[in-house]
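This report concerns only the one structure given below.
The values are calculated or read from the model by the stated rules, or taken from the named source; none is laboratory data. In this text the structure is predicted, and so the values were computed from the model without any measurement. Don't worry about glycine lacking a Cβ; one is built from the backbone with ideal geometry, like all the others, and counts go over all protein chains shown. Heads up: the accessible areas ignore ligands, DNA and RNA and are worked out on the full protein's heavy atoms, side chains in. Shrake-Rupley method; radii C 1.70, N 1.55, O 1.52, S 1.80 Å.
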Amino acid sequence: LLNTYGVTYLSLGLFDRAVESLTQALAIRQTTLPHHHPDTLKSMRDLTLALFRTGQYDRAETLGREAIEAHIDRYGNQHADTLNTQEYQAIIYRNQGKLEQATTLQRQIIQGQTQLLGPHHPDTLATQSNLALCLQDLEQYNEAEQLCQMVADTETQTLGPSHPRTLSAQNNLA
């Protein structure tokens, strides 16, 4: 129940309350559930996001690394939950200015998502958009533009020209 409250607080933008609830939920799950139980892993991932949202990047990075290792131990490298957890970590790295780490991780995630979900899946395209932003930050403008163009073209073909995700992808080209 505490984890559900925490996720609800996250969706409402009540990030400090989310951290409180999710910290308690994780502590309880770590002491009552078997090692690497899916619910514990979910709490780790949710708390990582809450810590990120409150600007606690160092704590989020540390917990995020632990969550990635636990997900890989439980599910392997090519599982959707593992890839989603890695995506949070890449976003944390970008916000900390660790652009090389973010870029390297996002490239790995894209490979996994492409194999698991396909090249046109929304998660794959979202990660490609995030990679393009990192590339822009690294002043690798040509590669960033090519990636943004590919995402915008794919979104236009699959969702149509007026879909919000298509418009967002086209905005990234501007």
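For the reader, a short list of remarks on this structure follows.
- The condition of being assigned to a helix (DSSP H, G or I) and surrounded by fewer than 17 Cβ atoms within 10 Å (Cβ to Cβ) holds for only one of Ser11, Ser21, that being Ser11.
Yes/no matrix, rows are residues, columns are (1) assigned to a helix (DSSP H, G or I); (2) polar (S, T, N, Q):
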{"position": "Leu41", "(1), (2)": "yes, no"}
{"position": "Arg45", "(1), (2)": "yes, no"}
{"position": "Asp58", "(1), (2)": "yes, no"}
{"position": "Gly64", "(1), (2)": "yes, no"}
{"position": "Ile72", "(1), (2)": "yes, no"}
{"position": "Asn77", "(1), (2)": "no, yes"}
{"position": "Asn84", "(1), (2)": "yes, yes"}
{"position": "Tyr93", "(1), (2)": "yes, no"}
{"position": "Gln108", "(1), (2)": "yes, yes"}
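- On the stretch given as region 47-61, residues that are touching a Leu at 6+ places or on another chain (Cβ under 7 Å) and either open to solvent by less than 30 Å² (accessible area, probe 1.4 Å) or not basic (Lys, Arg) (or both) total 6.
- Ile72 meets all of the listed conditions (1) under 25 Å from Ala50 (Cβ atoms); (2) among the aliphatic types (A, V, I, L, M); (3) in contact (Cβ under 8 Å) with a residue 12 or more places away in the chain but one, namely (3).
- Qualifying residue in region 120-128 (condition: modelled with pLDDT under 95, part of a loop (DSSP other than H, G, I, E, B) and not basic (Lys, Arg)): yes
Conditions tested, residue by residue: (1) farther than 13 Å from Ala126 by Cα; (2) buried (at least 19 other Cβ atoms within 10 Å of the Cβ); (3) among the polar types (S, T, N, Q); (4) modelled with pLDDT under 95.
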| residue | (1), (2), (3), (4) |
| --- | --- |
| Asn77 | yes, no, yes, yes |
| Leu83 | no, yes, no, no |
| Gln89 | yes, yes, yes, no |
| Asn95 | yes, no, yes, yes |
| Glu100 | yes, no, no, no |
| Arg107 | no, no, no, no |
| Ile110 | no, yes, no, no |
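- If only residues of region 26-46 that are under 16 Å from the mean Cα position of the chain (by Cα) and open to solvent by 10 Å² or more (accessible area, probe 1.4 Å) are counted, the one that is farthest from Lys98 (Cα to Cα) is Lys42.
- Boolean, Leu135 is more than 23 Å from Ala67 (Cβ to Cβ), modelled with pLDDT of 95 or more and part of a helix (DSSP H, G or I): yes
- Those residues of region 90-99 which are of a type outside the set (A, V, I, L, M, F, W, C) and more than 15 Å from Gln128 (Cα to Cα), in sequence order: Tyr93, Asn95, Gln96, Gly97, Lys98
- Residue in region 113-129 that is of a type in the set (Ser, Thr, Tyr), closer than 23 Å to Ala169 by Cα and open to solvent by 30 Å² or more (accessible area, probe 1.4 Å) present: yes
- Condition check for Gly64: farther than 27 Å from Gln136 by Cβ and surrounded by 17 or more Cβ atoms within 10 Å (Cβ to Cβ): no
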